[in-house]
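Scroll down for the structure; my scribbles are underneath it.
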Amino acid sequence: VKPVTPRCIVPKAIPVGKTASLHCHENEGYPKSTYSWYRNSEPLSPDTRSNAKLQNSSYTINPTTGTLVFHAVHKGDTGRYSCIATNDAGFAKCEEQEMEV
């Protein structure tokens with residue numbers, strides 16, 4: 001069963017240095033969906049160390065729960081965030097939401 005449009009929860013504004021948690025979830029898809037996050041339409045790598053552009057970012061993505069956590073946000077984390085739920089039957093994407101740091 002193809003995933004339905006996931007529900008994305010993105011905080012509107014976060015002070016620099018604080019923790020920010022972004023959530024993405026849908027529960028119609030079968031088998032269970034895995035989740036990937038995008039900032040300004042660019043995919044966020046689950047492994048920040050392997051991507052030179054992201055080495056200053058301190059976030060973790062849990063593809064199983066759809067949670068994206070910034071451990072200490074900085075100005076560069078400001079942007080439009082969206083999430084895609086994917087399974088064997090297809091994928092669905094939530095609307096982009098702005099997060100201001």
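Among the strands (runs of 3 or more DSSP E) contained in the chain, which hold 3 or more residues that are at pLDDT below 95?
59-62
Against the definition (in contact with a Leu (Cβ under 9 Å, 6 or more places away or on another chain) and either crowded, with 16+ Cβ neighbours inside 10 Å or farther than 16 Å from R39 by Cα (or both)), how does C94 come out, yes or no?
When the stated conditions are applied, C94 does not pass them.
So, in the stretch 9-42, exactly how many residues are small (G, A, S) and surrounded by 12 or more Cβ atoms within 10 Å (Cβ to Cβ)?
Selection size over the stretch 9-42: 5.
The values are calculated or read from the model by the stated rules, or taken from the named source; none is laboratory data. The model shown is predicted, which means the values in this text are computed figures rather than measured ones. Please note: Cβ atoms are built from the backbone with ideal geometry, for glycine as well, and neighbour counts cover all protein chains shown.
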